[in-house]
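One structure follows; several queries about it will come next.
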Amino acid sequence: MGKVFISAEIGINHNGDLNIARQMIDAASEAGCDAVKFQKRCVEKVYTKEFLDSPRESPWGTTQREQKMGLEFTESDYREIDTYCRSKNIAWFASSWDVDSQKFLRQFNLKYNKVASAMLTNIGLLETIAEEKRYTFIATGMSSWDEIDAAVAIFRKHGCPFELMHCVSVYPMPPELANLRMIGELSARYNCKVGFSSHEIGNVATLGAVALGATSLERHITLDRTMYGSDQKVSIETAELIAFVREIREMEAALGDGDRNLSDAELAVRKKLRG
């Protein structure tokens with residue numbers, strides 16, 4: 001089995017600041033992550049005018065529109081992100097929340113796509129993603145078997161390679177809600193790779209997922225959990241990210257290959273204790 005693919009979910013924790021985004025990319029690269037992930041929305045298409053006009057205090061103003069727009073990067077910003085990630089030799093991709101955002105991302109010729117749990121029932125978006133035939137991570141949080149069946153059918157219809165991601169959409173997620181045996185259930189039902197997207201405090205469920213055969217992992221990251229933002233408190237900071245990746249690789253090594261072979265170290269003990 002290959003190494004678990006680790007995505008650092010920057011999401012909207014950059015707060016619309018390219019300098020913060022670069023520092024988060026640096027952290028993910030230095031920790032040994034395989035990719036960083038963002039979120040892309042066309043704000044006027046995703047939300048209603050009534051919602052966007054409603055009040056919300058934020059660093060950008062007093063309406064929901066100002067807050068949502070403050071978290072979005074421009075095309076120029078994404079070009080900078082693309083160039084910066086290439087310079088760091090780390091992949092980047094994004095979860096789109098509408099069809100226009102997905103089409104916008106095509107210009108960057110990204111290796112991966114992502115279906116967020118909230119978007120799993122957005123058939124038009126799924127069709128748009130699947131027709132690209134790029135390797136796609138599909139999060140299954142909040143979804144019924146019928147909804148997952150329908151999403152998988154779309155990707156198989158288009159011949160688009162995909163990997164399901166077990167996810168429990170609770171923020172933060174207590175370990176007792178992780179339901180990690182779902183990893184095996186998803187793998188058996190759909191005959192595909194299955195990863196784990198976690199919003200836990202600590203790493204217990206994530207390490208358990210590795211032990212149960214998860215092939216990819218996603219975790220929100222931040223520079224500082226006290227920063228503004230709804231996802232900051234369920235994210236891990238830079239030092240924690242380094243430990244997170246190290247522990248995952250240690251768990252992979254601990255799994256071994258399952259063969260009944262005695263190591264040189266154990267043979268030496270055998271000789272001493274058995275004569």
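Name the residues whose placed amide hydrogens come within less than 5 Å of the amide hydrogen of S216, ignoring near sequence neighbours (fewer than 5 apart) on the same chain.
Distant-sequence amide H within range of S216: F5, G195, F196.
Follow-up. Cross-link partners among aspartates and glutamates for K49, C-alpha distance below 20 Å, same-chain residues fewer than 8 apart left out?
Partners found: E57, E66, E72, D98, D100.
Where only protein heavy atoms count, and the probe is 1.4 Å, what is the accessible area per residue for region 167-275 in Å²?
So region 167-275 comes to 57 Å² accessible per residue, rounded to a whole number.
Based on the Kirkwood radius over alpha-carbon pairs, what value in µm²/s does the Stokes-Einstein equation return for the translational diffusion coefficient of the chain at 25 °C and 0.890 mPa s?
Rounded, D is 123 µm²/s.
Cross-link list K157/K193; K45/K133; K111/K133; K45/K88; K45/K157: which exceed 21 angstrom alpha carbon to alpha carbon?
Cα-Cα > 21 Å for K45/K133; K45/K88; K45/K157; rest within.
A further question follows. Let me understand region 123-275 better: what is its radius of gyration from the alpha carbons, and its Dmax, in angstrom?
Cα-based Rg and Dmax for region 123-275 come out at 19.3, 69 Å.
Give me the Kirkwood hydrodynamic radius of region 30-102 in Å, from all C-alpha pairs, to one decimal place?
After inverting the mean inverse Cα-Cα distance, the result is 13.9 Å.
Enumerate the calculated ³J(HN,Hα) couplings along region 115-125 in order (Karplus 6.51 cos²θ - 1.76 cosθ + 1.60, θ = phi - 60°), each rounded to whole Hz, writing x wherever the residue is Gly or Pro.
Taking θ as phi minus 60°, the curve returns 9, 6, 3, 5, 9, 4, 9, 7, 4, x, 5 Hz for region 115-125.
With a 1.4 Å probe and every protein chain left in place, work out the accessible area per residue of region 51-104 in Å², rounded to a whole number.
About 49 Å² of surface per residue is accessible.
Sticking with this structure for a sec: At q = 0.12 Å⁻¹, what is the log10 ratio I(q)/I(0) for region 1-68, with the Debye formula run over Cα points and no solvent?
-0.45
Right, here's the next one. Assuming 0.36 nm per residue, please report the length gained on full extension of the stretch L262 to T226 beyond their Cα-Cα distance.
Gain on stretching L262 to T226: 8.1 nm.
Kirkwood-based Rg over Rh for region 1-141 (C-alpha set), two decimals?
Working: Rg = 15.4 Å, Rh = 15.9 Å.
Across region 1-141, the Cα-based Rg/Rh ratio is 0.97.
Would you work out which of Q107, F196, H220 lies farthest towards the positive end of the dipole of the chain? Charges go on Cβ: Lys and Arg +1, Asp and Glu -1.
Sorting the options by dipole projection puts first F196.
Taking region 100-152 as the region of interest, what is the percent of Cα-Cα pairs per 10 angstrom bin, listed from the shortest bin to the one with the maximum distance?
Result returned by the calculation: 24, 58, 18, 1.
Could you give me the ³J(HN,Hα) list for region 215-224, computed from phi with Karplus coefficients 6.51, -1.76, 1.60 and θ = phi - 60°, whole Hz, x at Gly and Pro?
9, 8, 9, 9, 9, 5, 10, 8, 7, 7
Additional query: Roughly how many percent of the accessible protein surface of region 77-129 is carbon and sulfur, given a 1.4 Å probe and a whole-percent answer?
46
A follow-up question, please. If I build a Gaussian network model for the chain, linking alpha-carbon pairs within less than 10 angstrom, which residue out of D17, D264, D224 has the largest mean-square fluctuation?
D264
Mind ranking V204, V269, V46 by accessible surface for me, highest first, 1.4 Å probe? Show your work: numbers first, answer last.
Numbers: V204 110, V269 75, V46 45 Å².
Order by accessible area, largest first: V204, V269, V46.
Something else about it: Going by amide H atoms built from the backbone, whose H comes under 5 Å of the H on M173, apart from near neighbours?
HN-HN under 5 Å from M173: H199, E200, I201.
Mind listing the long-range amide H neighbours of G11? Cut-off is under 5 Å, sequence gap 5 or more, other chains count too, H placed in the peptide plane at 1.01 Å from N.
K37, F38, Q39
Residue by residue through region 6-20, which ³J(HN,Hα) values in whole Hz follow from phi under the Karplus form 6.51 cos²θ - 1.76 cosθ + 1.60 (θ = phi - 60°), with glycine and proline marked x?
Values, residue by residue: 10, 10, 8, 7, 6, x, 10, 6, 6, 6, x, 10, 4, 5, 5 Hz.
The values are calculated or read from the model by the stated rules, or taken from the named source; none is laboratory data. The structure displayed is predicted, hence computed values, not measured ones. Because the Cβ atoms are built from the backbone with ideal geometry, glycine has one as well, and the counts that use them run over all protein chains shown. Remember, those area values only see protein heavy atoms, side chains included, never the ligands or the DNA or RNA. Shrake-Rupley method; radii C 1.70, N 1.55, O 1.52, S 1.80 Å.
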